[in-house]
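The values are calculated or read from the model by the stated rules, or taken from the named source; none is laboratory data. Given the structure is predicted, the values throughout are model-derived calculations rather than measurements. Glycine gets a Cβ as well: all are built from the backbone with ideal geometry, and neighbour counts include every protein chain shown. Side chains included, ligands, DNA and RNA excluded: accessible areas come from the protein's heavy atoms. Shrake-Rupley method; radii C 1.70, N 1.55, O 1.52, S 1.80 Å.
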Amino acid sequence: MIKKMTQELSKRYDASLIEDKWYQHWLDQNYFHSEPDSEKEPYTIVIPPPNVTGILTLGHVLNNTMQDILMRWRRMQGREACWIPGTDHASIATETKVVNMLREQGITKHEIGRDEFLKHAWIWKEKYGGIIIEQLKKLGASCDWERERFTMDDDYYKAVLHAFVELYNRGYIYRGTRLVNWCPATKSAISDEEVIYQERNSHLWHMRYPIKDSDKYLVVATTRPETMLGDTGVAVHPEDERYKDLIGKFVVLPLVGREIPIFADEYVDKDFGTGCVKVTPSHDPNDWEMGKRHDLEFINIFNEDATLNENAPDKFIGLDRFEARKVVLEQLDELNLMEKIEDHVHKVGYSERGNVPIEPFQSEQWFMSMQELVKPALDSVREGKIHFHPAHWTKTYEHWMTNIKDWCISRQLWWGHRIPVYTCEECGEVMVQVDAPDSCSKCDSKNIKQDEDVLDTWSSSWLWPFAVHQWPGEDKDLEYYYPTHDLVTGPDIIFFWVARMIMAGHEFKGDIPFENVYFTSIIRDEQGRKMSKSLGNSPDPLDLIAKYGADALRFGVMLIAPKGQDILFSEDRLEVARNFMNKVWNASRFVLMNKDFELTADHLNPEKWQDLELADRWILHRLNLTIERVTRQLEAFSFDETARSLWDFIWNDFCDWYIEMIKLRLYDGTEAQKQTAMSVAIYVLRDIMKMLHPYAPFMSEEIWQQVKLDDEADLIVTQWPKINETFTAPTEAKNTDFLKKVITAVRTVRSEMNVPPSQAISVVGKVHNQEQLDILEQNKTTIAKLIRSEDIKLGLDIKKPSFSASAMVEKMELFIPLEGLIDLDKEIERLEKEIATTEGLLKSVQGKLANKNFVDRAPEAVVTKERDKLDHYGESLAKLKAHLETMKAL
């Protein structure tokens, strides 16, 4: 435990002086580490393992701050909290990095072979991999680093192979030929998640296909004319009267000469284009399905690198697909078979790592049958065993799960979990097992070859919630920590990872992997654009931490993270959060500077407090309400609402009101009054630090050291605050709220009338009833101090003074005489100028929003911002005009 420091905090809050210090202290004290404890209820989170190649982004900041909030909160509640970190080997991403590194050295992976390439990959991983883990520590992530896992650690590797073998033996894994997303750059199948769609300006080519034994032709349209070399049919809608008499006939495929059938299929939209669709079963997923339904020929015209193969006419063999496109178009034009060409904007799927357009490609791969695996995973969500937050993701999940297709789990890469399938070169016997066989189980030959492919990255990470422990086998950690409790992740991987983890949990553990899934939002810039390096709108979180501090970054991002809505990021919000941190620091410093006694347990014991005043009872009542609200909001994963609740109580109630209210006692009160005020202030400040800790762990721990007793633990392992029923004081809270309204009303009038803050004023109050009068008289000194008044007159029957401004509070009339305080003519002139300026701003915004082109084409976030401006200027203008009328009436 760190020795208590001086009772005076530094004048200025400097995050850089405390963050590394406290993080190292927590590590030294082993606070993040967890061990099974039968006396305590476990609370477990497994981190969504970032790619080992990754670096910290704002998305990681959002996700991991939320996880750390949950972890620190549950730890303080007394749970045995275990947050298991780790990284994913990221097959294609890592292999691409290593291939590029070798290329810079003039080496290709095929030149050096698989074993040598993997040596380079491991060297790269050890040197560069895991940078993001160190960056997460800068954010304050309280992970159990002793449990850090990597998806290609020896134990995890074997767990992945074990799962494959088990599923193969159960009949769920098979080898088959299907259409897959193919990356010509990496020469591998890739998942849907690794396909990034980019909008491209292109063309729609309308081509003529001659009808056999006729001088007529059908017109088909395509964005990929080179694929026509693999066409094996033309489809029309069965109810399309234009083509009914052609169904069953043939067209002669241009440039190839192959006769292909005209057939009917309801997939065709008869109202789109000509109503005729060229069908290339081996190179389009929809055509693949039509090909199967109508027993068409499947002709693959591409090699793995997207050059054309021997199934294309001789003149095209070896051409790159885009070069082949040019030749196809030239020859169709020469043959007068090009009907027309239209400009066309469409989305093209690009390989995320290869950065080239993907090809739908017919390939022999390993697949996992999903029909049985999906059933318990679907039921567990439908029956409420697993809850999604926000709940609307449940429908998305159900839709995908009820339309699921078999999963292509093989990848033509070297970095990853090599598929544990071994074939005897002598007799053809296939052996599927975790450890490589020494000899053939059938003929005893040692001439055995392992499958060359590795598994899809997701088919290792789907085991993450239990494979981070010792699985398969008996393991006390697995028994204690599984199922986990909460998962925080992005909705973009609900199918690729979340759904599959639920399947794996049921299949291998017979239980759900987690109870709650919180889906984070997408972080966008102020214009509503996704963050990206190419747009230059994605700031480095480490730069933000250096500039604002980790606590401000965490708190600021939480403030703008509404559940289920995209986040519009702006550094302005971090400025706001840093101001909040400074406010908390300065308020804490004020309290500590005015504490002139050694803190003891008696000072923190409400039963020992004497003569509590109205402000004390009010702040304690508000503390109760805040503890209840914050706890409830965290239970509901309402991270932004929790942040605002903390803000409202700390900034408004504690700093702006309570501290101001007790200054009279601190400066002019008796020793007993001062000690009571300080005892309550420190009591509340301690609970503030407890509630703030999950959001701002570094600063709260630093302040806690100044307000804790010598024998108390560090804040990170201190008990979460509880409601004290004796603090409940609704009447006192109601009376204080009335006083606050009176003070606010007077301050508002001062501001609107441009009365200098240093200028003392007089106040006349015509109260509505005796109760109001009693409350005001009992607290007149405090009110006078807070509104800077030297003369307050109160009564049930009192007249309005001449030349005075007025305000109403709960049927009470307040009057502020203005004689000698303001120059009326100058104030009227100032207001008229301000009204003219505001009218100009309002007119400008109205013009923008009246422009249909702007409203239709500008990003939604930009339009929303202009509408907010419209509301703001409109409200401001109304207030200014009302104020001007008031001034003219004086």
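Points to keep in mind about this one:
- Across segment 336-394, the convex hull enclosing all Cα atoms gives 272 Å³ per residue.
- Placing +1 on the Cβ of every Lys and Arg and -1 on the Cβ of every Asp and Glu, with nothing else charged, gives the chain a dipole about its Cα centre of roughly 2440 debye.
- Accessible surface of LYS766, taken over heavy atoms with a 1.4 Å probe and every protein chain present, rounds to 60 Å².
- Segment 620-691: proportion of alpha-carbon pairs further apart than 21 angstrom, %: 31
- Debye equation applied to the C-alpha atoms of segment 660-720, log10 I(q)/I(0) at 0.19, 0.22, 0.26, 0.27 Å⁻¹: -0.72, -0.83, -0.97, -1.01
- Plainly put, segment 58-126 has a radius of gyration that is 1.27 times its Kirkwood radius, both from alpha-carbon atoms, as the Rg/Rh ratio.
- Full-extension gain in nm, GLN77 to ASP711, via 0.36 nm per residue minus C-alpha separation: 226.3 nm
- Loop-located trypsin sites (Lys or Arg not before Pro) across segment 380-455 with a Cβ neighbour count of 15 or fewer within 10 Å are LYS385, LYS405, LYS442, LYS446, with loop assigned by DSSP.
- 5 Å-binned pair-distance histogram of segment 484-643 (Cα, whole percent): 2, 7, 10, 13, 14, 13, 12, 10, 8, 6, 4, 2, 0
- Spin-label model, ILE493/MET593: points 7 Å from Cα along the beta carbon direction are separated by 4.8 nm.
- Rounded to whole Å, sorted largest first: equivalent-ellipsoid semi-axes of segment 467-547, Cα gyration tensor: 36, 16, 11
- Seen against the Cα atoms of the chain and their longest principal axis, helix 697-707 is set at about 30 degrees.
- Per-pair calculated FRET efficiency, R0 = 25 Å: SER570 and ARG12 via Cβ, rounded to 0.05: 0.50
- Each Cα pair under 8 Å and six or more residues apart adds its sequence gap; the mean of these over the residue count of segment 192-290 is a relative contact order of 28 percent.
- Rh by Kirkwood over Cα pairs, then Stokes-Einstein D for segment 341-441 at 1.002 mPa s and 20 °C, µm²/s: 116
- The P(r) of the chain has a tail past 49 Å containing 40 percent of all C-alpha pairs.
- Contact order normalised by residue count of segment 836-884, Cα under 8 Å, 6+ apart, percent: 49
- Only helices enter the 222 nm calculation for the chain: every DSSP H run of n ≥ 4 contributes -39,500 (n - 2.57), and dividing by all residues gives -13000 deg cm²/dmol, rounded to 500.
- In this label model, ASP791 and LYS663 are separated by 2.4 nm, measuring between points 7 Å along each Cα→Cβ vector.
- Rule-of-thumb Rg ratio for segment 689-847 [Cα; 2.2 N^0.38 Å; N residues]: 1.51
- Solvent-accessible surface (1.4 angstrom probe) belonging to SER762, in square angstrom, nearest 10: 40
- Efficiency of FRET from Cβ geometry, LYS340 and ILE247, R₀ 30 Å, rounded to 0.05: 0.75
- Overall size of segment 43-194 from C-alpha positions, given as principal axis extents largest first: 56, 44, 28 Å.
- For GLU725 and GLN29, the FRET efficiency from 1/(1 + (r/R0)^6), where r spans their Cβ atoms and R0 equals 45 Å, is about 0.85.
- Contour excess over end-to-end distance, with Cα ends at ASN355 and LYS530 and 0.36 nm allotted per residue: 61.2 nm
- Listed residue (LEU776, LEU58, GLN24) projecting farthest to the positive dipole end of the chain, Cβ model: LEU776
- Dipole magnitude for segment 245-310: computed about the Cα centre from +1 point charges on Lys and Arg Cβ and -1 point charges on Asp and Glu Cβ, it is near 220 debye.
- Averaging over all projection directions, the Cα-based convex hull of segment 591-635 occupies 4.5 nm² in the image plane.
- Relative contact order for the chain, counting Cα pairs under 8 Å that sit 6 or more residues apart, in percent: 13
- Rounded accessible area per residue of segment 623-763, 1.4 Å, Å²: 35
- Candidate lysines for bridging to LYS270, where Cα separation is under 18 Å - those fewer than 8 sequence places away on the same chain excluded: LYS244, LYS278
- Amide H within-cut-off set for GLN433, under 5 Å, with H built and near neighbours excluded: TYR422
- The candidates ASP456, ASP475, ASP856, arranged from most to least accessible area with a 1.4 Å probe in the full protein assembly, appear as ASP856, ASP475, ASP456.
- Here the convex hull built on the C-alpha positions of segment 404-512 has a volume of 145 cubic angstrom per residue.
- Ranking LEU308, LEU337, VAL356 by how far each Cα lies toward the positive end of the dipole of segment 264-404 (charges on Cβ) leaves VAL356 at the top.
- Apportionment of accessible area to carbon and sulfur, segment 751-890, percent (1.4 Å): 48
- For segment 519-662, the Cβ-based charge dipole about the Cα centre amounts to some 620 debye (Lys, Arg positive; Asp, Glu negative; other atoms uncharged).
- Links that overshoot a 28 Å alpha carbon limit, given the list LYS375/LYS449; LYS405/LYS530; LYS137/LYS395; LYS347/LYS395; LYS326/LYS530; LYS347/LYS405: LYS375/LYS449; LYS405/LYS530; LYS137/LYS395; LYS326/LYS530
- Taking every DSSP beta bridge that has both ends in the chain, the antiparallel portion is near 70%.
- Protein-only accessible surface order, largest first, of CYS427, CYS408 at 1.4 Å: CYS427, CYS408
- Out-of-range pairs (alpha-carbon distance over 30 Å; input LYS385/LYS476; LYS127/LYS446; LYS97/LYS138; LYS547/LYS879; LYS547/LYS881; LYS663/LYS734): LYS127/LYS446; LYS547/LYS879; LYS547/LYS881
- If the chain linking ILE55 and GLU111 were pulled fully straight, counting 0.36 nm for each residue of separation and taking away their Cα-Cα distance, it would gain 17.1 nm.
- Computed on protein heavy atoms with a 1.4 Å probe, the accessible areas place LYS530, LYS270 in the order LYS530, LYS270, largest first.
- Heavy atoms of SER844 accessible to a 1.4 Å probe, total area in Å² rounded to 10: 70
- Rounded to whole numbers, the Karplus 3J(HN,Hα) couplings from phi for segment 685-691 are 4, 4, 5, 4, 4, 5, 6 Hz, using 6.51 cos²θ - 1.76 cosθ + 1.60 with θ = phi - 60°, and x at Gly and Pro.
- The residue among ASN851, LEU794, LEU890 whose Cα reaches farthest toward the positive pole of the charge dipole of segment 784-890, with charges on the beta-carbon of Lys, Arg, Asp and Glu, is ASN851.
- nm² value of the averaged projected area, convex hull over the Cα atoms of segment 43-97: 3.9
- Simple label model, 7 Å out from Cα along Cβ direction - HIS294 to ALA850, nm: 5.6
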